[in-house]
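Got a structure here, written out as structure tokens. Questions coming.
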Amino acid sequence: MKKSITQKYPAKAESILSSCFVIKPATNNKLEYCEAKDVLWDTGATNTIISRNIAAALGLEPIQKAMIAGIGGNVEAYTYKISLYFAKEGAWIKDLEVLACDLEDNDIIIGMDTITRGDLAITNKNGETWFSFRIPSQEHIEFE
């Protein structure tokens, strides 16, 4: 099974966006999921965050409360267990513990807690941005 996610942009990208399915932990062998169309990869975010709308749509049960420190100050949020499936690539990121809060422009923000499970590269050859992420991490990448 392919375990990498690649996005290619015809020009320099100002942000890296994907789409995926958010999968609720299985109960009674029942698969429940919803689509997230605006998934932002953010190396400046410590934690992965889903929108409260996604948490509500899936009927996710909170694990615990936590505080999120952001640009607008501190916000109380619940944590949830989910998995992400990137259908276009056939890639999974399983068993994530994520926070949920109100997100204006995105369904999910993938933070460093998830990114550091794998290898990430962004290149900009010929003015085209290419993004690639693979999980699990396989080797160090060093540019000469």
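Quick one: Debye curve from the C-alpha atoms of the chain, no solvent, what's log10 I(q)/I(0) at q = 0.13, 0.14, 0.16, 0.19 Å⁻¹?
Ignoring solvent entirely, the Cα scatterers give -0.59, -0.68, -0.88, -1.19.
Extension gain GLN64-TYR33, at 0.36 nm per residue separation less the Cα-Cα distance, in nm?
Values: separation 31, 0.36 × 31 = 11.16 nm, distance 2.13 nm.
Between GLN64 and TYR33, full extension yields 9.0 nm more.
In the neighborhood of ASP105, defined by Cβ-to-Cβ distances under 15 Å, what is the net charge if each Lys or Arg adds +1 and each Asp or Glu adds -1?
-4
What does the charge add up to near PRO62, with Lys and Arg as +1, Asp and Glu as -1, over the other residues with Cβ less than 15 Å from its Cβ?
Net of charged neighbours comes to +1.
Could you tell me which of the pairs LYS3/LYS88; LYS3/LYS30; LYS8/LYS37; LYS8/LYS94; LYS8/LYS81; LYS37/LYS94 are separated by over 20 angstrom between their Cα atoms in the structure shown?
LYS3/LYS30; LYS8/LYS94; LYS8/LYS81
Only four residue types carry charge here, +1 at the Cβ of Lys and Arg and -1 at the Cβ of Asp and Glu. Report the dipole size of the chain about the Cα centre in Debye, rounded to the nearest 20. Working shown, then result.
On the way: 15 positive and 20 negative charges, 96 e Å.
So the dipole magnitude of the chain works out to roughly 460 debye.
I need SER4, SER51 ordered by Cβ neighbour count within 10 Å, fewest first.
Values: SER4 15, SER51 21.
Ordered from fewest to most neighbouring Cβ atoms within 10 Å, SER4, SER51 come out as SER4, SER51.
When only C-alpha pairs under 8 Å and at least 6 residues apart count, what is the relative contact order of the chain, in percent?
Values: 310 pairs, mean separation 47.5, N = 144.
Averaging sequence separation for qualifying contacts and normalising by length gives 33 percent for the chain.
If I model a spin label at GLU14 and ALA57 as a point 7 Å from the Cα along the Cα→Cβ vector, what separation in nanometres do I get?
Rounded to a tenth, the inter-label distance reads 2.5 nm.
Quick note: the coordinates plus some simple rules give every number you see, no bench work behind them. All figures in this text were calculated on a predicted structure; none of them were measured in a lab. Ideal geometry is used to build each Cβ from the backbone, glycine not excepted, and the neighbour counts take in all protein chains shown.
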